[in-house]
């Protein structure tokens, strides 16, 4: 997974804004929001890291199961070669062991595959949540930007009106 994180929770929490002489945003509100976003992003970041670690563990476990299956198959081939020398009862017992080993191997692999599918679904959900959070954050920032732009227009109009009324006695 070659996703590069461009912004960290610490970046969000330590973000500084330029000061505005007139108007501006409520500093406590902005910083409170940034802290909340930082905490939520930090949780997503940690969850994503944990899921990646879990995937790596499961991939290693699956590799071990595949190696186990390969070893079991080699053992089965060896047992089949020597089964001709065994009596009828020994052949029946070997066949039972073989069937049980194959079933266990298949069961283990099936369980690992199900777990991998579940983890992939969780990763997709987290990515969707991350995209939604980014969109929501952008919408909030766009709204704040529009509010500031409107406030600046109103202030400029007020200054013009004061200037005009100051010229007319």
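A few notes on this one:
- Shape metrics for the chain, restricted to C-alpha atoms - Rg then Dmax, Å: 32.5, 124
- On the beta carbon distance between residue 115 and residue 94, with R0 = 25 Å, the FRET formula returns roughly 0.20.
- P(r) tail fraction, the stretch 79-169 - alpha-carbon pairs more than 19 Å apart, %: 74
- To the nearest ten degrees, helix 27-83 and the longest principal axis of the Cα atoms of the chain are 10 degrees apart.
- On Cα atoms only, tilt of 88-167 relative to the major axis of the chain in degrees: 0
- Fully extending the segment from residue 155 to residue 127, taken as 0.36 nm per residue of separation minus the present Cα-Cα distance, adds 5.9 nm.
- Most mobile listed residue (49, 57, 99) in the chain, GNM with C-alpha springs under 10 Å: 99
- For the stretch 108-159 versus the stretch 42-97, the gap between their alpha-carbon centres in whole angstrom: 42
- Sorted on the mean count of surrounding Cβ atoms within 10 Å across their residues, most packed first, peptides 151-162, 34-45 read 34-45, 151-162.
Read-outs: derived from the displayed coordinates by stated rules, not from any lab. Since this is a predicted model, take the numbers as computed values, not measurements. Positions of Cβ are backbone-derived with ideal geometry, glycine not excepted, and every protein chain shown enters the neighbour counts.
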